[in-house]
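The values are calculated or read from the model by the stated rules, or taken from the named source; none is laboratory data. Since this is a predicted model, take the numbers as computed values, not measurements. All Cβ positions, glycine included, derive from the backbone under ideal geometry; neighbour counts span all protein chains shown. Just the protein is used for accessible areas: all its heavy atoms, side chains included, with ligands, DNA and RNA removed. Shrake-Rupley method; radii C 1.70, N 1.55, O 1.52, S 1.80 Å.
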Amino acid sequence: MADADAALGAEIYDLATRLYPVCRSITGDGVRETLRLIAQVVPVEVTEVPSGTPVLDWTIPPEWNIRDAWIADATGRRVVDFRRSNLHVVSYSIPVHRRMSLAELRPHLHTLPDRPDWIPYRTSYYREAWGFCLSQRSLDALEEGEYEVRIDSTLGPGSLTYGEIVVPGSSSDEVLISTHVCHPSLADDNVSGMAVATFLARHFLGRPRRQTLRFLFAPGTIGAITWLSRNEATLGRIRAGLTLTCLGDTHGFTYKRTVFGSAEIDRVVPRALASSSAPFDVIEYFPYGYDERQYNSPGFRLPVGSLMRGRHGRFPEYHTSADDLSFISPARLGESWRVLARVIDLLESGKRYRNLAPRGEPQLGRRGLYRAMGGADIPELENAMLWALSLSDGEHTLEDIVERSGLSRDAISAAVEMLARTGLLAEV
Ligand code: ZN
């Protein structure tokens, strides 16, 4: 098993290395190229929604693409070069080509003075602007004088792109796994989420299931909002969901609960994490972070939690060039995959029952259930039947009954089966 995990981790990491260099943003060819790379592993259904389309309270912005960008000194030497790192350009920068002094240029330059070797990641999606990001050390090395500034970008009518992989189940119940695909060369946030989601989809495809799995690869905020606006009629199918982010770093896991705090996914994820050897925290919902805030908003109230390792904004490498491929590892990606596969398995096996004689205790002897309890297992099986009858209110799952009773899963399963056979329990 350990070898299989290591091999899978290596495959996930390999996809991450191919996704990492792509210059993604909330629209544009970077997202398309990302979905094309994912589709080399699992077929992806791609949707394009034209610029200008109203989506909930938003409008799809113009499409942004970039070919090249640089700042060159008087000798023509590129002192900042997009070809070395796509983080060098503020995402959604408008096109620029002019000569300017360092003093004029400075307001457009972004650095991290506390981390002088790192390049920050900055965006300007909904306000027309342009800028460059560079290390403080590079900025300090710039001499006064004239510079040529060029951003060879386009901003115009196009579309917003998102992708879905649907693993069909026999029922209409759905599990939504959502991951943002709008960050450029940042490995943990969120090449890790995309790569892990892709290999989860590959694993579950072709395995018969009850629940449908829907993997959504959408640009942050506007992408999830676009998807929600186009799928309102079928959102009621979603029984549970997760946003995935920062799954490749060395931190322990953090599970962020849904706004409900007690949805099935809120019970299942800690259970899956407890079965791995990694340390983990469970934190309450708050309305920022990633797209869990779209899914949990009052108009939708979809039970979508968030699984991450490092928490956004809480580790120094976050949104900087230090979040590179050395910041994530095959082992951590593989471990994250394993936990998520367990979550999906637990959701799938999360059967609920209804006690069909719920008023008081049903008479078990009359139904031959005492006779069936012959043998050494009598106390546990009897106990298991009482627990199963007691918690089968249509809300608690089999695992909930196991956890609450402290009895073995085998005993609870056997009890449920016997009670169902005699007509006392029915699967919901
Ligand atoms: Zn981010």
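Scanning the range 85-114 for residues that are within 28 Å of the chain's Cα centre (by Cα) and more than 16 Å from the ligand (Cβ to nearest atom) returns Ser85, His88, Val89, Ser93. For the range 282-310, which residues satisfy the criterion of being more than 12 Å from the ligand (Cβ to nearest atom), closer than 21 Å to Asp188 by Cα and hydroxyl-bearing (Ser, Thr, Tyr)? Listed by number, the list holds a single entry, Ser306.
Let's see how each residue does on (1) more than 30 Å from Ser172 (Cα to Cα); (2) within 31 Å of the chain's Cα centre (by Cα):
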residue	(1), (2)
Arg332	yes, yes
Leu346	no, yes
Arg352	no, yes
Leu391	no, no
Ile401	no, yes
Arg404	no, yes
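For residues that are within 16 Å of Gly193 (Cβ to Cβ) and open to solvent by less than 20 Å² (accessible area, probe 1.4 Å), scanning just the range 311-329, find the one that is nearest to the ligand (Cβ to nearest atom). Taking the candidates together, the pick is Asp323.
Is it the case, given these coordinates, that Arg271 is more than 16 Å from the ligand (Cβ to nearest atom) and within 16 Å of the chain's Cα centre (by Cα)?
Answer is no for this residue.
Could you list all residues from the range 239-256 that are open to solvent by less than 10 Å² (accessible area, probe 1.4 Å) and over 11 Å from Asp188 (Cβ atoms)?
Step one: list which residues in the range 239-256 are open to solvent by less than 10 Å² (accessible area, probe 1.4 Å), which gives 240-249, 253-256.
Residues satisfying the conditions are Ala240, Gly241, Leu242, Thr243, Leu244, Phe253, Thr254, Tyr255, Lys256.
In this structure, Glu232 qualifies as open to solvent by 10 Å² or more (accessible area, probe 1.4 Å) and either free of Cβ contacts under 8 Å to residues at least 24 places away in the same chain or under 30 Å from Ser51 (Cα atoms) (or both). For the range 1-42, residues that are open to solvent by 50 Å² or more (accessible area, probe 1.4 Å) and touching a strand residue (DSSP E or B) at 6+ places or on another chain (Cβ under 7 Å) total 2. Just to be sure, is Arg122 touching a Cys at 6+ places or on another chain (Cβ under 9 Å) and either outside the structural domain of Ser85 (by TED's automatic domain parsing) or open to solvent by 50 Å² or more (accessible area, probe 1.4 Å) (or both)? Answer is yes for this residue. Taking the residues in the range 265-310 that are part of a strand (DSSP E or B) and hydrophobic (A, V, I, L, M, F, W, C) as candidates, determine which candidate is most open to solvent (accessible area, probe 1.4 Å). Out of the qualifying residues, it is Phe280. Just one of the listed residues (Glu104, Glu174) is modelled with pLDDT of 95 or more, of a type in the set (Asp, Glu) and in the same structural domain as Asp291 (by TED's automatic domain parsing), namely Glu174. Using beta carbons and a limit of 6 Å, which pairs, at least six apart or on different chains, have the first residue in the range 332-356 and in the same structural domain as Gln211 (by TED's automatic domain parsing) and the second one aromatic (Phe, Trp, Tyr) and open to solvent by 20 Å² or more (accessible area, probe 1.4 Å)? Partner pairs satisfying both residue conditions: Leu333/Tyr13. Is there a residue in the range 142-149 that is out of contact with any helix residue (DSSP H, G or I) (no Cβ under 6 Å at 6 or more places or on another chain), free of Cβ contacts under 8 Å to residues at least 40 places away in the same chain and open to solvent by less than 100 Å² (accessible area, probe 1.4 Å)? No, that holds for no residue. Restricted to the range 47-86, and to residues there that are outside any strand (DSSP E or B) and among the basic types (Lys, Arg), the residue that is least open to solvent (accessible area, probe 1.4 Å) is Arg77.
State the number of residues belonging to the range 206-229 that are within 16 Å of the ligand (Cβ to nearest atom), open to solvent by less than 20 Å² (accessible area, probe 1.4 Å) and polar (S, T, N, Q).
Step one: filter the range 206-229 for residues within 16 Å of the ligand (Cβ to nearest atom), giving 217-224.
Still in the list and also open to solvent by less than 20 Å² (accessible area, probe 1.4 Å): 217-220, 222-224.
Keeping just the survivors that are polar (S, T, N, Q) gives none.
Residues that pass the stated criteria total 0.
Of all the numbered requirements in (1) on the phi < 0 side of the Ramachandran plot; (2) open to solvent by 10 Å² or more (accessible area, probe 1.4 Å), Gly261 misses one, and that requirement is (1).
State whether the residues of the range 138-149 include one that is within 16 Å of the ligand (Cβ to nearest atom) and not β-branched (Val, Ile, Thr). No, the range 138-149 has no match at all. Taking Thr154 as meeting all but one of (1) of a type in the set (S, T, N, Q); (2) within 14 Å of the ligand (Cβ to nearest atom); (3) touching a strand residue (DSSP E or B) at 6+ places or on another chain (Cβ under 6 Å), write down the number of the exception. Tallying (1) of a type in the set (S, T, N, Q); (2) within 14 Å of the ligand (Cβ to nearest atom); (3) touching a strand residue (DSSP E or B) at 6+ places or on another chain (Cβ under 6 Å), Thr154 fails exactly one: (2).
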